[in-house]
Amino acid sequence: MDRIPQELALDILSRLPIPSLVQSKSVCQDWRILTHDQLLVNKHFKLMVENDPSFILQIMGCSSQNQLYFGDLSSDPNDGNVMMIAKKLTIPPLLNFHLVSSCNGLLLLRATHPSFELCIYNPFIRDYIELPKLSHHDGVRGFGFDPTTKKYKVVEISYKRTTPFTFSRRVVRFGMRRSHQTETSSSSLIESKVHILTVGSTTWRNLGCFPFRFMWQKSQVLVNRKLHWRTTTHLIMSFDLATEQFKEVPRPDVITSNSDRRFHELAVLRGCLSAVSFDGNNQELEIWVMKEYAVKDSWVKQFNIGAYVPKIFQSNYQRHSSGNSRFYLPKKCIQVLCLLRNGGVLLQYGNKAIVFYDSHCRTFQDIQVTFEGISSCFTAVAHVASLNSTDTFVDT
């Protein structure tokens with residue numbers, strides 16, 4: 001191994017999936033040192049951006065729940081069918097945890113532990129750091145990288161019930177704090193409190209209160225180095241990790257509070273902010289893509305995806321005489337995962353099936369997912385491995 005030039009070794013290692021990259025540390029001391037090299041990590045993530053995304057999967061509802069898998073897509077050379085091989089990731093020594101989100105290879109986990117609730121796990125070096133506790137539990141979280149300070153940040157937005165009478169409070173509105181009088185109404189029974197933690201700090205900072213309530217989403221939406229959420233009032237809000245300010249992002253005209261079309265979720269498709277919607281009387285999902293960030297006129301309806309019943313659900317589906325797939329598999333159970341290089345869309349149905357949608361032929365294909373060490377199928381939550389910045393990676 002000593003005879004391999006460092007530049008060539010970096011190129012070889014950068015092309016390995018994360019599980020193999022972690023295992024390469026055991027080859028020799030030199031390679032162990034290289035796996036911590038900033039150049040290797042930068043090169044590795046640059047290749048991830050150019051290729052189809054990878055996935056972090058967590059098994060749910062069984063004894064293997066405390067296990068994470070790293071999934072890569074591949075095509076069968078014989079028939080061209082898409083498949084996914086999910087390899088085990090070494091996990092931190094926690095009794096119980098849930099994968100919240102990921103950024104640049106780091107995983108934000110919510111843990112059941114007496115001294116902390118959140119931690120950041122680095123599968124490259126198989127170590128984690130504990131984050132200080134907050135008294136809030138209900139709400140949404142985000143995790144990303146601030147390129148101006150070269151620091152990672154965790155955002156937590158919690159909801160607190162208030163008494164139904166007029167009260168004064170600090171309000172964070174588009175990044176500006178000001179005194180705000182809230183009139184008595186049913187909407188004032190919930191207030192959103194915003195806290196942020198710079199990883200490495202021992203305390204959370206209170207950014208005040210926010211006049212909107214965010215909708216929970218399975219995977220975080222990180223675009224243009226900003227976190228994004230949809231609100232209960234059908235708005236799209238961004239949070240700039242550098243300025244720590246909220247800002248409304250223009251939405252497609254089809255998604256309004258007065259429209260019959262339901263705002264289902266936000267997604268990231270090839271680096272672009274995307275909005276998924278459906279009509280209660282229509283079997284099709286619509287995917288709108290913002291081609292130029294923050295430019296309202298750049299929203300384009302890119303996909304119409306019709307109804308489909310994955311094979312794992314078909315036996316139950318056939319028992320329903322009505323033949324109405326919405327009856328047992330509502331659209332809210334469908335998650336848009338990503339857009340592949342070949343133009344296909346990857347969808348997850350009810351945490352039980354991953355499906356490839358061919359946008360050219362308008363056909364569906366159930367993806368066979370093989371979990372290392374597991375012979376039978378379990379429910380799994382899939383997270384697209386999120387990238388915030390390809391120029392910096394910080395060791396935890």
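For the reader, a short list of remarks on this structure follows.
- The alpha-carbon of K311 sits under 21 angstrom from the alpha-carbons of these lysines, leaving out residues fewer than 8 places away in its chain: K331, K332, K352.
- Loop-located GluC sites (Glu not before Pro) across the stretch 216-315 with a Cβ neighbour count of 15 or fewer within 10 Å are E284, E292, with loop assigned by DSSP.
- Computed from label points 7 Å out along Cα-Cβ, the spacing between R225 and R341 is 2.7 nm.
- FRET efficiency for M60 and R126, using Cβ-Cβ distance with R0 set to 25 Å, rounded to 0.05: 0.65
- Site pair Q245 and K218 shows an inter-label distance of 3.5 nm when each label is modelled 7 Å from Cα along Cα→Cβ.
- Two-site label geometry, Q6 and D358: point separation in nm, points 7 Å out along Cα→Cβ: 4.8 nm
- Here's the list of lysines a cross-link from K193 could span, going by alpha-carbon distance under 23 Å and ignoring same-chain residues fewer than 8 apart: K133, K151, K153, K160, K218, K226, K247.
Quick note: the coordinates plus some simple rules give every number you see, no bench work behind them. Computed from a prediction, not measured in an experiment: that's the story for all the values here. A quick note on method: Cβ atoms are made from the backbone with ideal geometry, for glycine too, and the neighbour counts reach across all protein chains shown.
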